[in-house]
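The values are calculated or read from the model by the stated rules, or taken from the named source; none is laboratory data. It should be emphasised that the depicted structure is a prediction, and the values quoted were computed from it without experimental measurement. We place every Cβ from the backbone using ideal geometry, glycine too, and count neighbours over all the protein chains shown.
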Amino acid sequence: MTAPKGKQRTLAVVSAGLSQPSSTRLLADKLAAATVARLVDENIETRVVTYELRDYAQDVMNNMLTGFASPRLETMIDAVTAADGLIAVTPIFTTSYSGLFKSFFDVIDNRSLTDQPVLIGATAGTARHSLALDFALRPMFTYLHAVVVPTSVFAASEDWGSGDARVATLPARIERAAGELAALVARSDRSARVLDPFELPAGFNPAGLGPSR
Amino acid sequence: MQFGIFTVGDITTDPTTGDTPTENARIKAMLTIAQKVEEVGLDVFATGEHHNPPFVPSSPTTLLGYIAAKTERIILSTATTLITTSDPVKIAEDFATLQHVSDGRVDLTLGRGNTGPVYPWFGKDIREGIPLALENYALLRRLWREDYVDWEGQFRTPLQGFQSTPRPLDGVPPFVWHGSIRSPEIAEQAAYYGDGFFSNHIFWPASHTAKMVGYYRQRFEHYGHGTAAQAIVGLGGQVFMSKNSQDAKRDFRPYFDNAPVYGNGPSMEDFTSQTPLTVGSPQEVIDRTLGFRDYVGDYQRQLWLMDHAGLPLKTVLEQLDLLGEEVVPVLRREFAKNRPATVPDAPTHESLRLARVAASAPAPATTGAEVHHDLDTAAAISPPRAGSAFGLSRSAGNGS
């Protein structure tokens with residue numbers, strides 16, 4: 001199906017890499033570029049907003065301690081949660097996502113990623129850490145009711161070289177994952193939604209449940 | 001406009017001396033502070049309610065009863081009374097008793113508490129926090145307004161022909177504020193009944209408070225209690241003052257940096273710019289507080305958090321002197337400027353009593369029996385105007 005000319009989507013990218021330059025950010029950028037290319041094939045113009053969590057590390061920790069987001073973090077959270085798709089990439093530390101990565105998803109409203117298409121990625125020194133994607137990141141986003149695409153992308157240091165002939169190369173994995181995400185982003189109306197922060201639960205009655213008199 | 005103090009009642013070690021007050025010393029300090037509130041010319045003293053250390057005020061009406069005997073003028077209030085885990089029957093009786101003891105100088109702010117385990121301690125489920133607040137308050141209102149109550153709900157033993165005792169002083173229930181940081185359901189509840197809405201204000205950015213208060217005001221009008229501008233709004237605030245702004249910053253910083261709520265988090269400067277906390281000269285406090293009106297509109301009650309984070313009693317009393325001598329007189333004058341005559345003051349026992357008398361007088365043709373729902377607030381907060389607050393009552397028809 002071809003989208004009408006002028007269709008627009010937003011794609012948020014969150015990278016928890018710490019170094020500069022960062023292979024985590026590099027993977028995030030490659031995933032984003034591949035997704036955007038797939039959307040271009042469908043005549044969809046994509047606006048990409050990319051955030052390095054390192055730039056928000058203090059704000060994330062302050063939010064955890066005080067319970068509210070600083071204005072700049074709030075702006076960033078709003079942009080991430082309102083996007084039609086999210087690419088979330090973390091380095092693997094001590095068998096799991098980095099603490100900063102987890103902390104960011106701990107401070108956002110746990111309903112704010114509901115239904116959001118998400119592509120997860122991770123980096124580490126060796127491929128022995130690759131299952132962290134499926135035992136740590138995937139369950140976390142499932143808990144948040146996000147829609148995680150089937151292919152997640154792990155890049156070990158050696159993947160940035162020629163790659164192992166016995167498995168799909170990193171570029172091939174990126175392409176497959178990007179195709180899955182692009183298909184969901186193309187159908188998303190998330191960025192066009194108007195959120196009502198004061199929406200009351202269905203059936204809400206300010207006088208209670210209606211006591212039987 | 002009313003000005004006052006609200007206290008959490010925490011026992012916190014003074015980070016500058018290492019001293020930790022005993023429970024006895026802390027309770028006595030709260031009682032001293034309340035009397036100082038009257039002495040320096042403020043209007044309201046409100047205590048929190050907690051059921052776990054390091055907090056001492058588990059029995060607010062005991063504290064307020066003592067303060068009632070030691071003061072003559074100030075309003076005794078709460079911030080907040082736990083409507084979720086306390087039995088509404090006991091709340092009805094405790095606060096009606098306090099009305100008689102204090103000759104009506106009572107109102108209360110209802111809240112849901114900030115300690116999860118309180119729910120299981122009192123046999124409740126935290127996931128039912130909002131439904132508990134709604135149902136318990138619906139019962140509380142009836143206990144104060146109806147002599148004999150037949151009642152059955154989800155959360156409490158049914159009542160048949162129950163009469164809470166004593167009856168409210170002069171047949172006038174205490175005015176109720178509903179406190180909330182971020183639940184639109186509670187703002188909706190406050191608006192539905194035409195009750196007051198108290199925004200904690202101090203732990204969140206002003207933009208958030210502005211949105212919550214704006215929502216409450218709009219719903220207050222929707223339910224026919226008056227215009228949005230006539231809704232009854234209270235705000236928290238947090239200040240530390242010294243004649244010289246730099247001295248205030250220097251003296252408060254160790255308390256800020258170690259405070260249980262925000263310590264070791266944002267810098268005092270960041271927290272000051274992102275929340276209503278003001279650390280500086282009395283003039284800076286005046287300017288900042290007057291600015292609240294820019295985003296919540298003309299409001300009725302300003303309470304400050306003063307005795308927390310381990311500040312010694314002597315310091316708190318000095319702060320109250322500054323508030324009473326240099327800050328509040330200016331605020332009273334400045335807040336009165338450009339305040340429309342149609343914006344009411346916060347209801348008091350006397351204004352509610354007069355409204356009740358007026359309401360029981362022979363009614364004009366446009367008001368009927370269905371208006372009882374709005375009478376307590378709408379009539380008390382502004383002179384009766386033909387039609388508006390009375391006749392527009394939608395809540396009487398679509399409520400309980």
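The residue pairs whose first member lies in the range B:194-221 and is at positive phi and surrounded by 24 or more Cβ atoms within 10 Å (Cβ to Cβ), whose second member is modelled with pLDDT of 95 or more and among the small types (Gly, Ala, Ser), and whose beta carbons are closer than 8 Å, counting only pairs six or more residues apart or on different chains, are B:Gly194/B:Gly226; B:His201/B:Gly236; B:His201/B:Gly237.
Please work out if B:Gly116 is within 25 Å of B:Gly237 (Cα to Cα), touching a strand residue (DSSP E or B) at 6+ places or on another chain (Cβ under 6 Å) and of a type outside the set (Asp, Glu). Here the answer is no, as B:Gly116 does not meet what is asked. Of the residues making up the range A:12-68, those that are touching a residue at least 24 places away in the same chain (Cβ under 8 Å) and closer than 30 Å to B:Asp257 by Cβ are A:Ala16, A:Leu18, A:Tyr51, A:Glu52, A:Leu53, A:Arg54, A:Tyr56, A:Ala57, A:Val60, A:Met61, A:Asn63, A:Met64. The selection criterion, being away from every other protein chain (no Cβ under 11 Å) and aliphatic (A, V, I, L, M), does not hold for B:Ala187. For the range B:269-291, the criterion of being small (Gly, Ala, Ser) and within 14 Å of chain A (Cβ to nearest Cβ) is met by at least one residue. For the criterion of being closer than 24 Å to A:Phe135 by Cβ, assigned to a helix (DSSP H, G or I), acidic (Asp, Glu) and more than 14 Å from every other protein chain (Cβ to nearest Cβ), A:Asp29 fails. Might you check whether a residue that is in a loop (DSSP other than H, G, I, E, B), closer than 21 Å to A:Leu27 by Cα, more than 13 Å from the chain's Cα centre (by Cα) and hydrophobic (A, V, I, L, M, F, W, C) occurs anywhere in the range A:81-95? Checking the range A:81-95: not a single residue is in a loop (DSSP other than H, G, I, E, B), closer than 21 Å to A:Leu27 by Cα, more than 13 Å from the chain's Cα centre (by Cα) and hydrophobic (A, V, I, L, M, F, W, C). Name the residue that is farthest from the other protein chains (Cβ to nearest Cβ), counting only residues in the range A:180-202 that are farther than 17 Å from A:Val48 by Cβ and basic (Lys, Arg). Ranking the qualifying residues of the range A:180-202, first place goes to A:Arg187.
There is at least one residue in the range B:57-73 that is free of Cβ contacts under 8 Å to residues at least 12 places away in the same chain, farther than 24 Å from B:Asp257 by Cβ and not in a loop (DSSP other than H, G, I, E, B).
Listed here are the residues, each with its yes/no results for (1) in contact (Cβ under 8 Å) with a residue 24 or more places away in the chain; (2) away from chain A (no Cβ under 12 Å); (3) in a helix (DSSP H, G or I); (4) within 21 Å of B:Glu93 (Cβ to Cβ).
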site: B:Phe155; (1), (2), (3), (4): yes, no, no, yes
site: B:Ser164; (1), (2), (3), (4): yes, yes, no, yes
site: B:Asp170; (1), (2), (3), (4): yes, yes, yes, yes
site: B:Pro173; (1), (2), (3), (4): yes, yes, no, yes
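Considered as a group, the residues in the range B:246-298 that are touching a residue at least 12 places away in the same chain (Cβ under 8 Å) and of a type in the set (Ser, Thr, Tyr) include one that is farthest from B:Asp10 (Cα to Cα), and that residue is B:Tyr295.
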